[in-house]
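Participant: Could you have a look at this structure, given as structure tokens, before my questions?
The values are calculated or read from the model by the stated rules, or taken from the named source; none is laboratory data. All figures in this text were calculated on a predicted structure; none of them were measured in a lab. Every residue, glycine as well, gets a Cβ built from its backbone with ideal geometry; the counts of neighbours run over all protein chains shown. The accessibility values were calculated without ligands, DNA or RNA, using every heavy atom of the protein model including side chains. Shrake-Rupley method; radii C 1.70, N 1.55, O 1.52, S 1.80 Å.
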Amino acid sequence: MNSFKIENLVRTNVARMKPYSSARDEFKADGRKMTFLDANENPFENGVNRYPDPQQNDLKSKIADIKGVPVSQVLLGNGSDEVLDLIFRAFCEPGKNNVISLPPTYGMYKVLADLNQIEDREVLLTEDFQPDVEEILKKTDQNTKLLFLCSPNNPTGNVFSMTLVEKLLNGFNGLVVIDEAYIDFSNEPGWLQALEDFPNLVVTQTLSKAYGLAGIRLGIGYASEEIIEILNKIKPPYNVNELTQQKAAERLRNPEEVEFEIKQILEQREYLEKELQKVNFVKKIYPSKTNFLLVRVDNADLRYSQLLEKGIVVRNRSNQPLCENTIRFTVGTKTENNRLINALNEIAG
């Protein structure tokens, strides 16, 4: 175990500050029916005239129960991007600290680093899309605060070796943020159950992918109670709106429906991979533990434009390191996937 201590990592001004206390943070109803005359709200009930629960207690309890972690180790955000931004703002001093990301990877890590005036030290993944542990640790110094690991990785679709990740958790003397946006499509266990073993571990997940709730923007962060307390201190008081909380709770009450949709997506991923292998300009299909396939083609710019002309939007990933001439295909419904395959066959002539 490394010498990680959270008090050495948090920004000095954040450690000293007092959080904003919203009207609903200052009392406990304890089951009583309350008359709310505290927050200058419109008193006429319409379902959303009151401010939402600032700590999202009911929703957190449902998520904590499903994931098998204590409620005190859960943070909810307006999408995972807000959770990631809070981590930057709590632990990274603008113009002084640096973070490490591992391209090809999710582009928001660099965007958030730039937004917060933090140096992003990029360390390329290896040729088989795994973390280069030696190079990562070599790039760190006393000002390196965060390491971002996207596993399963976007856009490559693979899961990082548990052995390599464990080496980084033990060797990196800062926060290791493992982005598990696609974990529900993988048969790998993920890292939630390791929170007690690694005090520097933060795991982020989302309801946007497997749960089909991209439109409500709900992201989840899991970490030690100490880290969650720090993030709660700086989050906006009502960052997750009432409609989002209601819709998320409704979806979580139907796990069988979610499991059925995941099963359908995985079956369609297998079908799509099989059909893509028959397209003559497809050069390689990378193994995937996600709801997408990264595919190397002969000319990604050309094929992307041709698909657009046929009304099909995919993602050209050729601008990412190690991803020359690649296109990322999201797994759609059977109808959508058949339309894609028919279009590709037409293009292939």
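Participant: Picking from Asn291, Asn241, Asn299, Asn280, which residue would you name as being in contact with a Ser or Thr (Cβ under 7 Å, 6 or more places away or on another chain) and modelled with pLDDT of 95 or more?
Facilitator: Only one candidate passes the filter, namely Asn291.
Participant: Moving on to the next point. Any idea how many residues of the range 229-264 are surrounded by fewer than 20 Cβ atoms within 10 Å (Cβ to Cβ) and either of a type in the set (Gly, Ala, Ser) or assigned to a helix (DSSP H, G or I) (or both)?
Facilitator: Looking only at that region, the number is 22.
Participant: Residue by residue through the range 318-343, note down the ones that are in a loop (DSSP other than H, G, I, E, B) and either in contact with a Phe, Trp or Tyr (Cβ under 8 Å, 6 or more places away or on another chain) or farther than 23 Å from Gln130 by Cβ (or both).
Facilitator: Taking the range 318-343 first, the residues in a loop (DSSP other than H, G, I, E, B) are 318-325, 331-333.
Those that are in a loop (DSSP other than H, G, I, E, B) and either in contact with a Phe, Trp or Tyr (Cβ under 8 Å, 6 or more places away or on another chain) or farther than 23 Å from Gln130 by Cβ (or both): Leu322, Val331, Gly332, Thr333.
Participant: A further question on this structure: Out of the range 265-285, which residues are under 20 Å from Glu346 (Cβ atoms) and either among the aromatic types (Phe, Trp, Tyr) or not in a helix (DSSP H, G or I) (or both)?
Facilitator: Matches in the range 265-285: Tyr271, Gln277, Lys278, Val279, Asn280, Phe281, Val282, Lys283, Ile285.
Results for (1) farther than 19 Å from Ala29 by Cα; (2) buried (at least 21 other Cβ atoms within 10 Å of the Cβ); (3) touching a His at 6+ places or on another chain (Cβ under 7 Å), shown as yes or no for each residue.
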site: Asn49; (1), (2), (3): no, no, no
site: Pro54; (1), (2), (3): no, no, no
site: Asp58; (1), (2), (3): no, no, no
site: Lys62; (1), (2), (3): yes, no, no
site: Pro70; (1), (2), (3): yes, no, no
site: Ser80; (1), (2), (3): yes, yes, no
site: Leu86; (1), (2), (3): yes, yes, no
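Participant: Which ones in the range 62-101 are more than 15 Å from the chain's Cα centre (by Cα) and within 20 Å of Gly190 (Cα to Cα)?
Facilitator: Scanning the range 62-101 gives Lys62, Ile63, Ala64, Asp65, Ile66, Lys67, Gly68, Val69, Pro70, Val71, Ser72, Gln73.
Participant: Another question about this same structure. Within the range 220-276, track down each residue that is small (Gly, Ala, Ser) and within 30 Å of Leu9 (Cα to Cα).
Facilitator: Result: Gly221, Ala223, Ser224.
Participant: For the list (1) open to solvent by 30 Å² or more (accessible area, probe 1.4 Å); (2) within 30 Å of Gln264 (Cβ to Cβ), I need the number of the one condition that Glu226 fails.
Facilitator: For Glu226, the failing item is (2).
Participant: Given the criterion touching a residue at least 40 places away in the same chain (Cβ under 8 Å), more than 25 Å from Tyr211 (Cβ to Cβ) and touching a strand residue (DSSP E or B) at 6+ places or on another chain (Cβ under 7 Å), identify the matching residue among Leu168, Leu146, Leu195.
Facilitator: Numbers: Leu168 fails: touching a residue at least 40 places away in the same chain (Cβ under 8 Å); Leu195 fails: more than 25 Å from Tyr211 (Cβ to Cβ).
From the options Leu168, Leu146, Leu195, the qualifying one is Leu146.
Participant: Among residues belonging to the range 286-299 that are open to solvent by less than 30 Å² (accessible area, probe 1.4 Å) and assigned to a strand (DSSP E or B), point out the one that is nearest to Pro155 (Cα to Cα).
Facilitator: Leu294
Participant: Starting from the range 287-308, take each residue that is farther than 27 Å from Ile183 by Cβ and among the small types (Gly, Ala, Ser) and list its partners that are open to solvent by 10 Å² or more (accessible area, probe 1.4 Å) and in a strand (DSSP E or B), counting only C-beta distances under 6 angstrom and pairs at least six apart or across chains.
Facilitator: Note: pairs meeting the criteria are Ala300/Asn316.
Participant: Could you say which residue among Phe44, Phe36 is open to solvent by 100 Å² or more (accessible area, probe 1.4 Å) and either without any contact (Cβ under 8 Å) to a residue 60 or more places away in the chain or more than 23 Å from Pro199 (Cα to Cα) (or both)?
Facilitator: Phe44
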